[in-house]
Amino acid sequence: MASIAGANALYAPYRNSVVGKTSDYSTRVDADSDTLFVFFSDDASVTPDDTHVFTSSYEGGAPQATLNPTFANRLTLGSVTAGSVGTGVVDAADSLFTGSSVLIGSTTQESLIIAKFITNSAASPVLAHFGSATGLPLTPNGADVTVVWNASGIWRF
């Protein structure tokens, strides 16, 4: 197990599924048609690790998000496209987290996670982890937070 806290990384199982190894995930990820979501993570409660393949690793148990309160406040990525700004590039519209309705508590959030939404979080695959970005770590204070994705895309293969 390798901790990826403070790092920016595409998860190895996701990369493997893109190149054809589907045993890591039950279904392939299609950035153009799947629902992708983003959420902040409190790395003090859940240490991000490259073996955390599914979002259930970030939930913190039942009730949902006991250990990681902002997991429950995930936001759907809008206007996700693959290849619109270059071959192998995944991009999306900037993400607006609206004040305390989305970012609850005053717990510092050290990373931003992107995952594919499947109704069962034990099967919702984690795609990317961003632990190093402008504005991180973030301490919620009730104000809106806009995640501005890079103009050249969120990630590229």
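In the stretch 133-157, how many residues are touching a residue at least 24 places away in the same chain (Cβ under 8 Å) and farther than 19 Å from residue 74 by Cα? Walk me through how you get there before you give the answer.
Initially, the stretch 133-157 is screened for residues touching a residue at least 24 places away in the same chain (Cβ under 8 Å), giving 133, 136-149, 151-157.
Now drop any that are not farther than 19 Å from residue 74 by Cα, which leaves 151-153, 155-157.
Qualifying residue count, the stretch 133-157: 6.
Suppose we keep only residues that are in contact with a His (Cβ under 9 Å, 6 or more places away or on another chain) and among the hydrophobic types (A, V, I, L, M, F, W, C) within the stretch 104-156. Which one would you say is surrounded by the most Cβ atoms within 10 Å (Cβ to Cβ)?
Start the filter on the stretch 104-156 by keeping residues that are in contact with a His (Cβ under 9 Å, 6 or more places away or on another chain), which leaves 111-114, 126, 129.
Adding the requirement that they be among the hydrophobic types (A, V, I, L, M, F, W, C) leaves 112-114, 126.
Working: 112: 20, 113: 26, 114: 24, 126: 23.
Among those residues, the one meeting the criterion is 113.
Scanning the stretch 55-79 for residues that are more than 19 Å from residue 90 (Cβ to Cβ) and at pLDDT 70 or above, which turns out least open to solvent (accessible area, probe 1.4 Å)?
Step one: filter the stretch 55-79 for residues more than 19 Å from residue 90 (Cβ to Cβ), giving 56-73.
From what's left, at pLDDT 70 or above: 56-58, 73.
Working: 56: 51, 57: 43, 58: 0, 73: 30 Å².
Per the criteria, the residue is 58.
Do we find a residue being on the phi > 0 side of the Ramachandran plot, at pLDDT below 70, not polar (S, T, N, Q) and not in a strand (DSSP E or B) anywhere in the stretch 87-109?
Going through the stretch 87-109, the residues on the phi > 0 side of the Ramachandran plot turn out to be 88, 99, 105.
Now restrict to residues that are at pLDDT below 70: 105.
Checking the rest, the ones that are also not polar (S, T, N, Q) come to 105.
Still in the list and also not in a strand (DSSP E or B): 105.
Yes.
The values are calculated or read from the model by the stated rules, or taken from the named source; none is laboratory data. Everything quoted here is computed from the prediction, not taken from an experiment. Here Cβ is always computed from backbone atoms with ideal geometry, including for glycine, and neighbour counts include all displayed protein chains. The area values use the complete protein model at the heavy-atom level, side chains included, leaving out ligands, DNA and RNA. Shrake-Rupley method; radii C 1.70, N 1.55, O 1.52, S 1.80 Å.
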